[in-house]
There are 2 protein chains.
Amino acid sequence: MDEFSIIAEFFAPLASDPAAFGLKDDAAAIPARPGFDTVITTDTITQGTDFFAHDPPAMVAQKALRVNLSDLAAKGAVPAFYFLNLVLPHGVTRDWLKSFTDGLARDQHQFGISLLGGDTSAGDLAAVSVTALGYVPTGTMLRRNGAKAGDSVYVTGTIGDSAGGLAIFKRENHALNEAQRDHLIARYRIPDPPVAFGAGLRGLASASVDVSDGLIADLGHLAAQVAITVDVEKVPRSDALRAFWGDEPAAIIRAITAGDDYQIAFTAQPQDESRIVAAAKAAGISVTAIGTVGAGQGVTVTHRGQILAIPKAGYRHF
Amino acid sequence: MDEFSIIAEFFAPLASDPAAFGLKDDAAAIPARPGFDTVITTDTITQGTDFFAHDPPAMVAQKALRVNLSDLAAKGAVPAFYFLNLVLPHGVTRDWLKSFTDGLARDQHQFGISLLGGDTSAGDLAAVSVTALGYVPTGTMLRRNGAKAGDSVYVTGTIGDSAGGLAIFKRENHALNEAQRDHLIARYRIPDPPVAFGAGLRGLASASVDVSDGLIADLGHLAAQVAITVDVEKVPRSDALRAFWGDEPAAIIRAITAGDDYQIAFTAQPQDESRIVAAAKAAGISVTAIGTVGAGQGVTVTHRGQILAIPKAGYRHF
């Protein structure tokens, strides 16, 4: 297989938008959308760090897309397009490419997005970069700064499932049933970001961030000019994770400093709570109030009124 | 160094456009430009294939940018922004990052572009993906299809210099003087795409393509519905390359099938030649007529009226 036949057979069918020119040109050309800002984010997943060689390629593809869709959702953007940079090991097989592009096709359908371009090169280890584009009405992208004293702090979905799945892969002892085990592993392999909820947050959230490096680390991005206090007992955790790690503060701290959650943490005025709950319900996801915003800066974690020491806020690459 | 301090110290100073939010948010937000299409292209360079571990990091940065600016130029687009995905070896040094970002800064200044975002992850080998954005008036992106029988075929700059530089690295025997040697190595390390010429091609070129995989291979992209005939003796080659490889047809074939040129090959009506020459002069580059377009399809290479057999049109990754 050469590069051109790989593009024609596996990737061109994913590029149906006219802006992509069927992947037959040097570039894509996206028409202007007056009244909208184009929101762009990019993230890479690498073999050995974010996925394993034995992971199903379809799931690797979905993870690469979804870690980016998570950022768009946290910014209030409706996703539209993506570009793909693939570093693939020499000798990649047709089966691998078939499964990988099947995963892309599934998520394109689910999230209403389309491939616009990319490139493929050869390396020792696989790496997948996605650059995702979405839209918000001009000037309405949700920002990390903007939280105000008196706001409530919310998080979508459940926290720590992906870290639980990774721990199972790393052979940590557990007594989970099959459904619990599968739930945690699935969340590690394929994030489930609240994409449909993002646009609903515009006009409600005062600040918003994608939870990817650990809840506490990412809340730190909202807390440069305000103080955020999180009550650990309110942090939403799945039944499977609670069965795995228990409910002691140390277990919850582990969950909130682990990363790979791909949920949204945001702040909003308390009087908007019913509108937030309605937006979450419309998007088919859950939202939980986990803390409050006050004067000061930084994130404090409490358990029954006592401040907990957090040894390490989140994941670091270097 | 953690990821956040690397961003703050080395990359945030490159992101001065308001759309980047100082790299302090999850995404960039680019205002709509009514009347313009956003042209987007993306390309990865990898250590061992496109650069070597001992290459100066500033040059690696410039190469990563320029292979993308080359695509934008070939499409008639004026470059504006870029995103960066870096896979860096564990233990990357401050000196490496300083040199790398110095290279980016130099090219940002030269080409009037600005960093909007990116990500950094750790891997065994370095890889640099750039996604570059530029603008053309609505509907005017130069396409690969569009060449008409009777058009002339042109190429910018000189062809084969980069391949010559790579051959020197691979210790091919030569009797070049220092200036010739340096010229070829410089073209391998840092492409010099005709960025300022791209916009001048709009309204003149009937079809246009970036020459990156080998002149003949890339001309093939223009020749799906027309026949292109190239006279090898007209292909512009530098004095340094001619001193290295000579002027025999085999040497020219080697140059036109090698790749990494980052020039523009395009077609245009013969009566526009004086306007093309004027546009090239204004951009400070050279343009050479190398062939003609006729009915049929595919690329034919001739030498003094005889058809030459081309063993392999260009570079393939797999």
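Each reported figure results from applying straightforward, stated rules to the coordinates on display, with no laboratory input. Remember, it's a predicted structure, so these values are computed and weren't measured experimentally. When we count neighbours, we look across all protein chains shown, and the Cβ atoms used for this are built from the backbone with ideal geometry, even at glycine.
Which of B:His109, B:His90, B:Leu69 sits farthest toward the positive end of the charge dipole of the range B:48-109, with +1 on the Cβ of Lys and Arg and -1 on the Cβ of Asp and Glu?
After comparing all options, I get B:His109.
Across peptide A:125-135, how many C-beta atoms of other chains are within 10 Å of each residue C-beta, on average?
Mean partner shielding for this stretch: 5.
Can you tell me how much longer the chain between B:Asp95 and B:Lys234 gets when fully stretched, taken as 0.36 nm per residue apart minus their C-alpha distance, in nm with one decimal?
Here the answer is 45.6 nm.
Do the alpha carbons of any pairs in B:Lys24/B:Lys63; B:Lys63/B:Lys98; B:Lys63/B:Lys148; B:Lys148/B:Lys234 sit beyond 24 Å of each other, and which pairs?
B:Lys24/B:Lys63; B:Lys63/B:Lys148
Shape verdict for the protein assembly as shown, please, from the Cα gyration tensor: rounded (a/c under 1.5), prolate (a/b greater than b/c) or oblate.
prolate
At A:Glu273, label 7 Å along Cα→Cβ: distances to the other copies, nm, ascending?
Label-point separations across copies, in nm and ascending: 8.0.
Residue by residue through the range B:163-172, what is 3J(HN,Hα) from phi via Karplus (6.51 cos²θ - 1.76 cosθ + 1.60, θ = phi - 60°)? Round to whole Hz and write x for glycine and proline.
5, x, x, 5, 4, 5, 4, 7, 6, 5
Between A:Ala258 and residues 5 or more places away or on another chain, which pairs have amide H atoms under 5 Å apart, with H built 1.01 Å from N, and which residues are they?
Residues meeting the criterion, in which the H sits 1.01 Å from N, are A:Leu215.
To the nearest 10 degrees, how steep is helix B:94-111 against the longest Cα principal axis of chain B, on a 0 to 90 scale?
Helix B:94-111 sits roughly 50 degrees off the main axis of chain B.
Please turn the phi angles of the range A:191-199 into ³J(HN,Hα) values with the Karplus equation 6.51 cos²θ - 1.76 cosθ + 1.60 (θ = phi - 60°), one per residue in order, whole Hz, x for glycine and proline.
Here the 3J(HN,Hα) series is x, 10, x, x, 4, 6, 7, x, 4 Hz.
Treating only the Cβ atoms of Lys and Arg (+1) and Asp and Glu (-1) as charged, compute the dipole magnitude of chain A about its Cα centre; round to the nearest 20 debye.
The dipole magnitude comes to about 740 debye.
Compute the distance in nm between two label points, each set 7 Å from the Cα along the Cα-to-Cβ direction, one at A:Asn145 and one at A:Ala179.
According to this spin-label approximation, the distance is 4.8 nm.
Add +1 for every Lys or Arg and -1 for every Asp or Glu among the other residues with Cβ under 15 Å from the Cβ of B:Gln225, and state the total.
Overall, the nearby charge balance is +2.
For the range B:107-206, which chymotrypsin sites (Phe, Trp or Tyr not before Pro) are in a loop by DSSP, counting at most 13 other Cβ atoms within 10 Å?
Working: sites: B:Phe111, B:Tyr135, B:Tyr154, B:Phe169, B:Tyr188, B:Phe197; in loops: none.
Of the chymotrypsin sites (Phe, Trp or Tyr not before Pro), not one in the loops of the range B:107-206 has a Cβ with at most 13 other Cβ atoms within 10 Å.
When each pair of different Cα atoms in chain B is counted once in the 1/r mean, what is the Kirkwood radius in angstroms, to one decimal?
20.4
Between A:Gly123, A:Gly103, A:Gly134, where does the largest GNM mean-square fluctuation fall for chain A, given springs only between Cα atoms within less than 10 Å?
A:Gly123
Can you list the residues, at least 5 places off or on another chain, whose amide H is less than 5 Å from the amide H of B:Ala32, using H built in the peptide plane?
Correct list: A:Gly35, A:Phe36, A:Thr38.
I'd like to know which of B:Ile276, B:Thr302, B:Ala240 lies farthest towards the positive end of the charge dipole of chain B, counting +1 on Cβ of Lys and Arg and -1 on Cβ of Asp and Glu.
The one lying farthest along the dipole's positive direction is B:Thr302.
Which of the trypsin sites (Lys or Arg not before Pro) across the range A:220-306 are loop residues per DSSP, with 10 or fewer other Cβ within 10 Å?
Answer in residue order: A:Arg304.
List every residue whose amide H lies under 5 Å from the amide H of A:Ala122, counting only residues 5 or more places away in sequence or on a different chain, with H placed 1.01 Å from N in the peptide plane.
A:Leu88
How big is the charge dipole of the protein assembly as shown about its Cα centre, in debye rounded to the nearest 20, if each Lys and Arg gets +1 on its Cβ and each Asp and Glu gets -1 on its Cβ?
On the way: 52 positive and 68 negative charges, 119 e Å.
About 560 debye.
Name the residue, out of B:Ile45, B:Ile216, B:Ile159, whose mean-square fluctuation peaks in a Gaussian network model built on chain B with Cα pairs under 10 Å.
Looking only at B:Ile45, B:Ile216, B:Ile159, the biggest GNM fluctuation is shown by B:Ile45.
Do the sum for chain B: with -39,500 (n - 2.57) for every DSSP H run of n ≥ 4, divided by all residues, what is the mean residue ellipticity at 222 nm, to the nearest 500 deg cm²/dmol?
On the way: 10 runs with 102 residues, N = 318.
Counting only the DSSP helices, I get -9500 deg cm²/dmol.
Place a +1 charge on the Cβ of each Lys and Arg in the range A:3-137 and a -1 charge on the Cβ of each Asp and Glu, then give the dipole magnitude about the Cα centre in debye, rounded to the nearest 20.
In debye, rounded to 20, the range A:3-137 gives about 320.
For chain A, set up a GNM with springs between Cα atoms under 10 Å and report which of A:Gly91, A:Gly198, A:Gly246 has the largest fluctuation.
Most flexible of the set in this elastic network: A:Gly91.
In whole Hz, with x marking every Gly and Pro, tabulate ³J(HN,Hα) for the range A:154-162 from phi via Karplus 6.51 cos²θ - 1.76 cosθ + 1.60, θ = phi - 60°.
Each residue of the range A:154-162 in turn: 10, 9, 8, x, 10, 10, x, 4, 5 Hz.
Tell me the net charge near A:Ala80. Cut-off is 15 Å between Cβ atoms, A:Ala80 excluded, with +1 for each Lys or Arg and -1 for each Asp or Glu.
Cβ neighbours under 15 Å give a net charge of -3.
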